[in-house]
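Chemist: Handing you this structure, nothing more for now.
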Amino acid sequence: MANPFELIGRTLDSLQQSHPLLAVPSAVLKRYGRDRAGQQAALVTFYGFLSVFPLLLLLVTFAGLFLRGTKLQSDIVNSALSQFPVIGGTLKDNLHAISKGNLAATLVSALGLLWGSLGVTNALQAASQRIWRTPDDEGPGLIPRIVKGLEILLALGALVVLSSVAAGASTIGAGYFGGATIVPRLLAIVVAILVNFVGYVTVLWLLAPTRTDLRCLLPGAVIGAVGWTALQAFSGYLLGHQLHHASQIYGFFAVVLGLVFWINLGAQLFLLATETNLVLARHEWPVRLIGE
């Protein structure tokens, strides 16, 4: 007599194989586990945690050097910190630019921070290389890897600037429609999704193998942009309604754990977007979830 649970499992497995809306996510999740992308996300989280303060410090320093006294300076810093909705305020209170008394010392310190920040880009390159099944002997050498890492950091910096400009534009648009309707909120969400979409497409393209068709990266970029915007919105709600006094209760440990958790969510979302692109581009669906 057949095991009823096994029978139900095989029935559900056959069902997901026959419907693309179920088959594609199932294939992505199976490939995510087979590639051990969760472990890759943990590695990205580790280097991301070590890199986030150098990156923010670098941003604050350069914003102070070139945009001192302007509204754009504060907008750019606030835009970067808004990527960490629950703990951005605490990070801002403890983040100060490198002393600008000596330009040479400032530049040397900035270069040191830049070098320390490349750890997260190296981890992302290694994870993407594994997901795209790029052989080790075809991977980039030390210098190309550093150059690509700098390109990724430059793209992220440009994204922060674009985000601050877009936020200002959405504020103007919200003022046009008035603050009493739902239109301003929808406008802000649409602008955030578009900015995140541009960022995802750029970074996915930089990390994909050469000669990858840009159209192959669009599905993952859409998933990443919508997912990241939703995570930010949910975290903003959580902070405003549920964790208003969390910093006073948990203090330092809340900041550390919140930062690690947030970076890990972002890393897993990015790798899921990459897996989705690969599954769709190479038509690696449907797959059997049981019996393999």
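The values are calculated or read from the model by the stated rules, or taken from the named source; none is laboratory data. Model, not experiment: these values are computed from the prediction. Virtual Cβ from ideal backbone geometry, glycine too; neighbours counted across all protein chains shown.
Chemist: Among the residues of segment 35-54, are any of a type in the set (Lys, Arg) and crowded, with 18+ Cβ neighbours inside 10 Å?
Modeler: Taking every residue of segment 35-54 in turn, none turns out to be of a type in the set (Lys, Arg) and crowded, with 18+ Cβ neighbours inside 10 Å.
Chemist: Within segment 92-133, can you find the residues that are of a type in the set (Gly, Ala, Ser), modelled with pLDDT under 70 and closer than 20 Å to Leu81 by Cα?
Modeler: If the condition is that a residue be of a type in the set (Gly, Ala, Ser), modelled with pLDDT under 70 and closer than 20 Å to Leu81 by Cα, then Ala97 is the only one that fits.
Chemist: Between Ser163, Ser170, which is part of a helix (DSSP H, G or I), closer than 26 Å to Gln73 by Cα, among the polar types (S, T, N, Q) and at pLDDT 75 or above?
Modeler: Within the list Ser163, Ser170, the selection yields Ser163.
Chemist: Being modelled with pLDDT of 90 or more and over 28 Å from Phe46 (Cα atoms) is true for just one of Arg211, Arg215. Which residue is that?
Modeler: Arg215
Chemist: Can I ask one more? Just to be sure I understand the filter: pairs with C-beta atoms under 8 Å, separated by 6 or more residues or on different chains, first member in segment 1-29 and within 13 Å of Arg288 (Cβ to Cβ), second member surrounded by fewer than 10 Cβ atoms within 10 Å (Cβ to Cβ) and not charged (D, E, K, R). Which pairs pass?
Modeler: Filtered contacts from segment 1-29: Arg10/Gly291; Asp13/Gly291.
Chemist: Determine whether segment 226-237 contains at least one residue that is among the β-branched types (Val, Ile, Thr), outside any loop (DSSP other than H, G, I, E, B) and modelled with pLDDT of 90 or more.
Modeler: Yes, segment 226-237 contains at least one residue that is among the β-branched types (Val, Ile, Thr), outside any loop (DSSP other than H, G, I, E, B) and modelled with pLDDT of 90 or more.
Chemist: Return the residues of segment 58-86 that are in a loop (DSSP other than H, G, I, E, B), of a type in the set (S, T, N, Q) and under 19 Å from Leu154 (Cβ atoms); say none if nothing qualifies.
Modeler: Answer for segment 58-86, where residues must be in a loop (DSSP other than H, G, I, E, B), of a type in the set (S, T, N, Q) and under 19 Å from Leu154 (Cβ atoms): just Gln83.
Chemist: Sticking with this structure for a sec: Considering only residues of segment 277-286 that are closer than 28 Å to Glu6 by Cα and either surrounded by 19 or more Cβ atoms within 10 Å (Cβ to Cβ) or acidic (Asp, Glu) (or both), which is modelled with the highest pLDDT?
Modeler: That would be Val279.
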